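Chemist: The structure is given below, and queries will be raised subsequently.
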Amino acid sequence: MVKLSQRLLEIAKKVPQGAKLADIGSDHALLPTYLVQQGTVPSAVAGEVNRGPAEAAQRQVRDANLSGRIEVRLGDGLSVLQPGEVDAVTIAGMGGALIASILDAGEDKLAGVSTLILQPNVGEDIVRWWLRSHGWHLAGETILEEDGKIYEILTAVRMKPEDEGDAALYADRIVHGLTLSGDKLLQMGPYLVQDPPAVWFAKWEYELDKLAMIRRQLDRSVTGNVEEKRAALETEISRIKEVLECLRKDKP
Ligand code: SAM
């Protein structure tokens, strides 16, 4: 049985039993191999744009004796699929902008897909935004830390035409006495902010450190709209601090 990292295990848990799966950007095809071995999915497609990882995936599938169940396909994003071929898609371990562009470019290939499990390494807000504006309901969010890195996993299900959309999920709301705008919910996670675990606070402390570093760089810069950029940065830093302070206060 192939062994998964904690991050991939968490993603695996979200794949519906019996789904026809495509794992896009599969690299060594660990996730589909595990899911077939576990009996979670009967078969899977492992998509890879790069030849090296695709060959590694082929080897993995062969070594696991699963050549009849997992098909490794070389190609860009969802282009490796036919519409209606799978009903669940996982895309993990890339930036949010790349994940959104893969979904965008291959939207027609998502016909028949009812579940998306997405794990952006950065730019989670871009993925949430894409889902919200393309008829997908964000059904759940998970955050975890492994080997000093923090990951978010976003699970989305296709909305029915009669569904209202995610407007309510992202409507300005009061969380523990603080009004959070739709933009902040897109950025920080509409479910995660509700009862944030310690790892969520750690993530945002880390983001604050990054913003502070950018501010120090700006302080040394003399070109461009430094004042404007500094003001925007200050606003962002104080807004995040305010959210953290407020949500932390509520922790027992
Ligand atoms: N999904 C695995 C995981 O989460 O452990 C592997 C992540 S690895 C960091 C990202 C993989 O995505 C690489 O193997 C890369 O070749 C592949 N990739 C990047 N862009 C892609 C695209 N447009 N279509 C398919 N695969 C892509």
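Chemist: Mind listing the long-range amide H neighbours of Ile70? Cut-off is under 5 Å, sequence gap 5 or more, other chains count too, H placed in the peptide plane at 1.01 Å from N.
Modeler: Residues meeting the criterion, in which the H sits 1.01 Å from N, are Ala44.
Chemist: Go through Ile237, Gly18, Ala54 and say which Cα lies farthest out towards the positive end of the charge dipole of the chain; charges sit on Cβ, +1 for Lys and Arg, -1 for Asp and Glu.
Modeler: It is Ala54, whose Cα lies furthest towards the positive end.
Chemist: How big is the dipole moment of the chain about its Cα centre under a simple scheme where the beta carbon of each Lys and Arg is +1, that of each Asp and Glu is -1, and everything else is neutral? Debye, nearest 20, please.
Modeler: Once rounded to the nearest 20, the dipole reads 480 debye.
Chemist: Select from Asn65, Tyr151, Ala111 the residue farthest towards the positive end of the dipole of the chain; place +1 on Cβ of Lys and Arg, -1 on Cβ of Asp and Glu, and compute about the Cα centre.
Modeler: Result: Asn65.
Chemist: With a 10 Å cut-off between alpha carbons and a GNM built on the chain, which of Gly96, Gly25, Gly177 moves the most?
Modeler: With Cα springs under 10 Å in the chain, the top fluctuation among Gly96, Gly25, Gly177 is at Gly177.
Chemist: Of Ile174, Gly140, Val41, which is farthest towards the positive pole of the chain's charge dipole, taken about the Cα centre with +1 and -1 on the beta-carbons of Lys, Arg and Asp, Glu respectively?
Modeler: Looking along the dipole axis, the top candidate is Val41.
Chemist: Roughly how far apart, in whole Å, are the Cα centres of the range 200-237 and the range 127-166?
Modeler: So the separation of the two Cα centres works out to 27 Å.
Chemist: Could you give the length gained on full extension between Glu245 and Glu55, defined as 0.36 nm per residue of separation minus the Cα-Cα distance, in nm?
Modeler: Computed gain between Glu245 and Glu55 is 63.6 nm.
Chemist: Ignoring ligands and nucleic acids, what accessible area does Thr179 show with a 1.4 Å probe (Å², nearest 10)?
Modeler: Number for this one is 70 Å².
Chemist: Need the C-alpha centroid separation for the range 2-71 versus the range 167-184, integer Å.
Modeler: After rounding, the separation between the Cα centres reads 37 Å.
Chemist: While we're on this one: Given the Cα atoms of the range 173-248, and with Rh set as the inverse mean 1/r over their pairs in the Kirkwood sense, what is Rg to Rh to two decimals?
Modeler: Here Rg/Rh amounts to 1.03.
Chemist: Which of Asn65, Asn121, Asn225 ends up with the largest GNM mean-square fluctuation for the chain, with Cα atoms connected below 10 Å?
Modeler: Comparing Asn65, Asn121, Asn225 in a Gaussian network model of the chain, the most mobile one is Asn225.
Chemist: Compute the angle between helix 226-249 and the longest alpha-carbon principal axis of the chain, please, reported from 0 to 90 degrees and rounded to the nearest 10.
Modeler: That works out to roughly 80 degrees.
Chemist: Distances longer than 14 Å among the Cα atoms of the range 49-103: what percent of all pairs is that?
Modeler: More than 14 Å apart: 63 percent of the Cα pairs in the range 49-103.
Chemist: Share of antiparallel DSSP beta bridges in the chain, in percent to the nearest 5?
Modeler: Antiparallel: roughly 45 percent of the beta bridges in the chain.
Chemist: If you scale each eigenvalue of the Cα gyration tensor by 5 and take the root, what three semi-axes come out for the range 6-158, rounded to whole angstrom and sorted largest first?
Modeler: Listed largest to smallest, the semi-axes of the range 6-158 are 22, 17, 15 Å.
Chemist: Can you send over the solvent-accessible area of Val222, 1.4 Å probe, protein chains only, in Å² to the nearest 10?
Modeler: So the heavy atoms of Val222 present about 140 Å² to solvent.
Chemist: When only C-alpha pairs under 8 Å and at least 6 residues apart count, what is the relative contact order of the chain, in percent?
Modeler: 13 percent.
Chemist: Under 10 Å, Cα contacts only: if you run a Gaussian network model on the chain, which one of Arg69, Arg128, Arg215 comes out with the highest mean-square fluctuation?
Modeler: Result: Arg215 has the largest fluctuation of those listed.
Chemist: Using a Förster distance of 41 angstrom, determine the FRET efficiency expected from the C-beta separation of Asn225 and Glu162, and round it to 0.05.
Modeler: Efficiency, from the Cβ-Cβ distance: 0.35.
Chemist: 222 nm [θ] for the chain, helices only, -39500 (n - 2.57) per DSSP H run of 4+, per residue, to 500?
Modeler: -13000 deg cm²/dmol
Chemist: What does the charge dipole of the range 101-247 about its Cα centre add up to, to the nearest 20 debye, if the Cβ of each Lys and Arg holds +1 and the Cβ of each Asp and Glu holds -1?
Modeler: 260
Chemist: Here's another thing I want to ask about it. To the nearest 20 debye, what is the magnitude of the charge dipole of the range 173-248 about its Cα centre, counting +1 on the Cβ of each Lys and Arg and -1 on the Cβ of each Asp and Glu?
Modeler: In debye, rounded to 20, the range 173-248 gives about 100.
The values are calculated or read from the model by the stated rules, or taken from the named source; none is laboratory data. Not measured: the values here are computed from a predicted model. Methodologically, a virtual Cβ is constructed for each residue, glycine included, from the backbone with ideal geometry; neighbour enumeration extends over all protein chains shown. We work out accessible area using only protein heavy atoms, side chains counted, and drop any ligands, DNA or RNA first. Shrake-Rupley method; radii C 1.70, N 1.55, O 1.52, S 1.80 Å.
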